[in-house]
Amino acid sequence: MPKSYFTAFPSDLPPDELTARRQRQRYAEWGLSVATMGGTPPAPAVIENLQAYINGEVQIEDLARMGADDPVPSPAYLATLSRHRLKQH
């Protein structure tokens, strides 16, 4: 199994929070996979921001705005946002 870029979940999380974090991590891992297949390796700041999203410290809307000053937003953010939106419909 490939190594995750993200930290392990705390063992004392309530079940509903654990479920939510697992779902957010799946979205983030999917976003990283899509970005990497497109030739964009993840920058440390992208990993850090995605970890904050997984932990619930950053909402998906905030993640979508990260790097807004960059001419090209992180493909990992865009793919994570797309995956989140697909789940909503």
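The values are calculated or read from the model by the stated rules, or taken from the named source; none is laboratory data. Just so it is clear, the structure is predicted and the values come from calculations on it, not from any experiment. Backbone-built Cβ (ideal geometry, glycine too); neighbour counts: all protein chains shown.
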Checklist (1) touching a Pro at 6+ places or on another chain (Cβ under 8 Å); (2) surrounded by 13 or more Cβ atoms within 10 Å (Cβ to Cβ); (3) not acidic (D, E) applied to G38, failing item: (2)
Segment 1-24, residues that are modelled with pLDDT under 90 and charged (D, E, K, R): K3
Pairs with Cβ under 7 Å, 6+ apart, first in segment 25-40 and at pLDDT 95 or above and of a type outside the set (K, R), second surrounded by fewer than 17 Cβ atoms within 10 Å (Cβ to Cβ) and part of a helix (DSSP H, G or I): none
Members of segment 1-41 found to be small (G, A, S) and touching a Phe, Trp or Tyr at 6+ places or on another chain (Cβ under 9 Å), listed by number: A28, G31, A35
Flag if Y77 is buried (at least 17 other Cβ atoms within 10 Å of the Cβ), in a helix (DSSP H, G or I), modelled with pLDDT under 95 and touching a His at 6+ places or on another chain (Cβ under 7 Å): no
Test: residue in segment 41-62 that is of a type in the set (D, E) and at pLDDT below 90: yes
